[in-house]
Amino acid sequence: MTKANLDWPNLDFGYHETDFNIRYTWSNGQGSSGELSSDQSLPVHIAATGLHYGQQCFEGLKVFEQKNGDVVVFRIEENAKRLIKSCEKIHMAPVPEELFVEAVSKVVNANRKFVPPYGTGASLYVRPLVFGSGAQVGVKPADEYTFIVLVTPVGPYFKTGFKPVHLVVEDEYDRAAPCGVGDVKVGGNYAAGMRASMRAKSNGFTEVLYLDAKEKQYIDESGPANFFGITEGGVYVTPQSESILPSITNKSLFTLAGEMGLKPERRQVHIEEIFGFQEAGCCGTAAVITPVGSITFGERKVVYAKDDKPGKYCTELYNQLTDIQLGNIRDTHGWVKAIRPE
Ligand SMILES: Cc1ncc(COP(=O)(O)O)c(C=O)c1O
């Protein structure tokens, strides 16, 4: 297969056009069979609930070319299940798991030449999206939904590579509330975080670290990623909270941490605990792990990466997970699934 003519090693984490996306529409339980389209835009009813009332959710997952040439997707069934949860929470018709897998496989196959070559550090980012496309004026769920999967080849999330980032504990804004929608992937959560994120950046930080909205005592997550710390006693500790997105990367690292001899713990993490960690990281599909170099909390600051180098545990966890994704080591967990040409 001849690859697209792209500067693979220097690709940024941005939108790069591919040949096809796939679209499904359904109303009253009747769905379309999925249409591959090369159109980059979409006609949307001006009264669609997705535009007015935030009836919208999405997913993000990655496809890799492995060492042996296989094209694989990472933990796709977990993303399919999370999309169902997101749809249900905002009363949208859920996309069945089999349809999700079918849609991703079809659109990846239609764009195989955009799967970045093994060893370039790039991957094919897959973005499934569901929104209420039916018109409503009153606040109620749509009677028509659209499910789209688009793909785009991406380079590393951070241009600087696997380098520590600097977080600031958010003291003014909340991202999500308990019993709200913080535990699902709806667009409104990201809109809610943009002001805080831009403020942090303009103050010289990379991202914010949110505390729980109720007590303002416990760590929730960073803007677009989960958070973990490694204690001096060798515990991989990550927050348990009703208002954070259950990260599939974090779930995988939790397993790998246990296998590496760390003790994995998911529990409420008090903000004062940051002063006792030897390492900390943010994790998610986009960057896998972003080592945390420092956290500023009010007038205090804790520094983990003194010489701007990631710690040994973050590095080992990152290497383990990316080696599984790229087929450099055997996937003993059944996390990668090949997408064979049709
Ligand atoms: C708010 C938030 N938390 C955590 C994550 C990490 O989740 P995952 O590892 O499934 O990509 C993401 C990214 O999807 C996110 O947007």
> When you go through (1) crowded, with 20+ Cβ neighbours inside 10 Å; (2) modelled with pLDDT of 95 or more; (3) closer than 30 Å to T152 by Cβ one by one for I329, which number turns out not to apply?
Replying inline: (1)
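If you take just the strands (runs of 3 or more DSSP E) that sit entirely in segment 1-90, which of them hold at least 3 residues that are in contact (Cβ under 8 Å) with a residue 60 or more places away in the chain and in contact with a helix residue (DSSP H, G or I) (Cβ under 6 Å, 6 or more places away or on another chain)?
Numbers: elements: 21-27, 35-37, 56-58, 61-65, 71-74.
Because the criterion is at least 3 residues that are in contact (Cβ under 8 Å) with a residue 60 or more places away in the chain and in contact with a helix residue (DSSP H, G or I) (Cβ under 6 Å, 6 or more places away or on another chain), the strands (runs of 3 or more DSSP E) in segment 1-90 that meet it are 61-65.
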> Mind checking which residues of segment 228-252 are near the ligand (Cβ under 9 Å from one of its atoms) and either open to solvent by less than 50 Å² (accessible area, probe 1.4 Å) or assigned to a strand (DSSP E or B) (or both)?
Replying inline: I244, L245, S247, I248, T249, N250, S252
>> Just the residues that are within 22 Å of the chain's Cα centre (by Cα) and either open to solvent by 10 Å² or more (accessible area, probe 1.4 Å) or more than 14 Å from the ligand (Cβ to nearest atom) (or both), please, taken from segment 202-217.
In response: F205, T206, E207, L211, D212, A213
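Within segment 253-284, track down each residue that is open to solvent by 20 Å² or more (accessible area, probe 1.4 Å) and within 16 Å of the ligand (Cβ to nearest atom). Don't jump to the end; show me each part of the working.
Step one: of segment 253-284, the residues open to solvent by 20 Å² or more (accessible area, probe 1.4 Å) are 254-255, 258-261, 263-268, 270, 272-273, 275-276, 278.
Within segment 253-284, F254, T255, P264, R266 meet the criteria.
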> Quick check: is even one residue across segment 167-182 within 22 Å of D307 (Cβ to Cβ) and within 15 Å of the ligand (Cβ to nearest atom)?
Replying inline: yes
>> Consider segment 1-41. How many of its residues are out of contact with any Phe, Trp or Tyr (no Cβ under 6 Å at 6 or more places or on another chain) and more than 27 Å from D143 (Cα to Cα)?
In response: 16
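Can we say K81 is more than 30 Å from P341 (Cβ to Cβ), out of contact with any strand residue (DSSP E or B) (no Cβ under 7 Å at 6 or more places or on another chain) and not hydrophobic (A, V, I, L, M, F, W, C)? Break it down stepwise before answering.
Values: more than 30 Å from P341 (Cβ to Cβ): no; out of contact with any strand residue (DSSP E or B) (no Cβ under 7 Å at 6 or more places or on another chain): yes; not hydrophobic (A, V, I, L, M, F, W, C): yes.
Judged against the criteria, K81 is not a match.
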>> Checking K159 against (1) modelled with pLDDT of 95 or more; (2) open to solvent by 30 Å² or more (accessible area, probe 1.4 Å); (3) basic (K, R), only one condition comes out false. Which one?
In response: (1)
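From the list V149, V169, V130, V137, pick out the single residue that is of a type outside the set (D, E, K, R), farther than 21 Å from I271 by Cα and surrounded by fewer than 23 Cβ atoms within 10 Å (Cβ to Cβ). Before the answer, list the steps.
Values: V149 fails: surrounded by fewer than 23 Cβ atoms within 10 Å (Cβ to Cβ); V169 fails: farther than 21 Å from I271 by Cα; V130 fails: surrounded by fewer than 23 Cβ atoms within 10 Å (Cβ to Cβ).
Within the list V149, V169, V130, V137, the selection yields V137.
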> Within segment 14-30, can you find the residues that are surrounded by fewer than 16 Cβ atoms within 10 Å (Cβ to Cβ) and farther than 17 Å from V104 by Cα?
Replying inline: G14, Y15, S27, N28, G29, Q30
>> Go through (1) more than 30 Å from D7 (Cβ to Cβ); (2) away from the ligand (no atom under 14 Å from the Cβ); (3) open to solvent by less than 60 Å² (accessible area, probe 1.4 Å) for N189 and report which single condition fails.
In response: (2)
> So A338 fits all but one of (1) touching a residue at least 60 places away in the same chain (Cβ under 8 Å); (2) touching a Phe, Trp or Tyr at 6+ places or on another chain (Cβ under 9 Å); (3) of a type in the set (G, A, S); what number is the exception?
Replying inline: (2)
> Which of the residues spanning segment 63-96 are within 16 Å of the ligand (Cβ to nearest atom) and either more than 18 Å from the chain's Cα centre (by Cα) or at pLDDT below 95 (or both)?
Replying inline: K89, I90
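Within segment 53-67, is even one residue among the hydrophobic types (A, V, I, L, M, F, W, C) and in contact with an Asp or Glu (Cβ under 7 Å, 6 or more places away or on another chain)?
Step one: filter segment 53-67 for residues among the hydrophobic types (A, V, I, L, M, F, W, C), giving 57-58, 61, 63-64.
Subset that is in contact with an Asp or Glu (Cβ under 7 Å, 6 or more places away or on another chain): none.
Within segment 53-67, none of the residues are among the hydrophobic types (A, V, I, L, M, F, W, C) and in contact with an Asp or Glu (Cβ under 7 Å, 6 or more places away or on another chain).
The values are calculated or read from the model by the stated rules, or taken from the named source; none is laboratory data. In this text, all values refer to a predicted model and were calculated from it rather than measured experimentally. Every residue, glycine among them, receives a Cβ derived from its backbone with ideal geometry; neighbour counts consider all protein chains shown. What goes into the accessible areas is simple: the full protein's heavy atoms, side chains included, and nothing from ligands, DNA or RNA. Shrake-Rupley method; radii C 1.70, N 1.55, O 1.52, S 1.80 Å.
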